[in-house]
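The values are calculated or read from the model by the stated rules, or taken from the named source; none is laboratory data. If you're wondering where the values come from, they're calculated on a predicted model, not measured in any experiment. Here the Cβ is made from the backbone with ideal geometry for all residues, glycine too, and neighbour counts use every protein chain on show. To get the accessible areas, we keep the full protein, side chains included, count just its heavy atoms, and leave off ligands, DNA and RNA. Shrake-Rupley method; radii C 1.70, N 1.55, O 1.52, S 1.80 Å.
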Amino acid sequence: MPETTPPALLPAPFFPGRRTPDGAPGLALFLNAGDPPLPVLRDLVLMLDEEGVDCLELAVPFPDSVTDGPVIRRSARRALERGGAALDDVLAFVADVRPHLTHTRIALLTDWRYSLGDRDLGAVTREIAASGADGLLVHALPPRLRAEHLESAAEAGLPVVTTCYTSSPADTRAQAAAAASAYLYLVAHYGRSGTAPATGHAALADTVTALRAHTGAPIAVGFGVNTRQDVAAVGASGADAAIIGSAAVAAVERAQQDGRDVPTAFREFVRSVLPTT
């Protein structure tokens, strides 16, 4: 019989088994690659795996994001000023650390203009998949390239994270949900990261229920999620997971300012926000 090439193994799913009536929601934490420096970040990521954090949203740092609040913008600035955290550096980092993780998945966040715009989309998507990243979220992707992005990711076997706002038109939310193959990032309200919706995260239940009709991918809620109580409120909405961004980045910032060992200090933060069953 002729030899055949086995199909590439798809990355493991995000937030497996989290959608249960009495179960705790999953947890994703956002950090900028390079803040802390990559050697320190490696120890921190291994710690996240030990602690059972479901997902690290790892951003290739880029300047002056209009959707990020001051905490995340300061973090990106520190990473960029240190250097050594461009896309190729971050892919090498992922390739090094990902084989050592048994639980934590890595969703890579890249900015179109800063990291991807001067590269062939198909080729760079294959490079990201080859690094071992479990999923890809492209920030500020031009709408004209959305179909090409989804096609390139599918061909590379790389699940994609899509986003929508609770305030987005219903058809926009439906399209984002249908295109999600890693997870759907539901932004809790329009504004900058770090601020919470006025009505609380549990009030998103109707939106989460409506999105379920358009996707089989997990739904994760972010923006304004800072504490274990916020994570529980996201779970009460019916979402599969909560995403903590600014509070996580602020914990790294405080540890560096205080001269503490960053992975040790961040472990304390992780234990303070991990959901309980």
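Here are the numbers:
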read-out	value
Positions within region 64-107 being small (Gly, Ala, Ser), within 19 Å of Val221 (Cα to Cα) and in contact with a strand residue (DSSP E or B) (Cβ under 6 Å, 6 or more places away or on another chain), in sequence order	Ala107
Set Ala123, Ala133: member being at pLDDT 95 or above, part of a helix (DSSP H, G or I) and open to solvent by less than 40 Å² (accessible area, probe 1.4 Å)	Ala123
Qualifying residue in region 161-175 (condition: part of a loop (DSSP other than H, G, I, E, B) and surrounded by 19 or more Cβ atoms within 10 Å (Cβ to Cβ))	yes
Where Gly69 falls short, out of the listed (1) more than 20 Å from Tyr114 (Cβ to Cβ); (2) under 17 Å from the mean Cα position of the chain (by Cα)	(1)
Single match in Pro61, Pro36 (criterion: touching a strand residue (DSSP E or B) at 6+ places or on another chain (Cβ under 9 Å) and part of a loop (DSSP other than H, G, I, E, B))	Pro61
Filter pass, Thr195 being open to solvent by 30 Å² or more (accessible area, probe 1.4 Å), at pLDDT below 95 and either within 19 Å of the chain's Cα centre (by Cα) or on the phi > 0 side of the Ramachandran plot (or both)	yes
Conditions (1) at pLDDT 95 or above; (2) open to solvent by 30 Å² or more (accessible area, probe 1.4 Å); (3) farther than 28 Å from Arg77 by Cβ: number failed by Gly238	(1)
Residue in region 55-68 that is open to solvent by 10 Å² or more (accessible area, probe 1.4 Å), aliphatic (A, V, I, L, M) and touching a Pro at 6+ places or on another chain (Cβ under 8 Å) present	no
Residue count for region 136-153, restricted to those that are touching a residue at least 40 places away in the same chain (Cβ under 8 Å), touching a helix residue (DSSP H, G or I) at 6+ places or on another chain (Cβ under 9 Å) and open to solvent by less than 30 Å² (accessible area, probe 1.4 Å)	1
Gly222 being closer than 21 Å to Thr104 by Cα and surrounded by fewer than 22 Cβ atoms within 10 Å (Cβ to Cβ)	no
So Ala156, is it more than 15 Å from Thr207 (Cβ to Cβ) and either open to solvent by less than 20 Å² (accessible area, probe 1.4 Å) or touching a residue at least 60 places away in the same chain (Cβ under 8 Å) (or both)	no
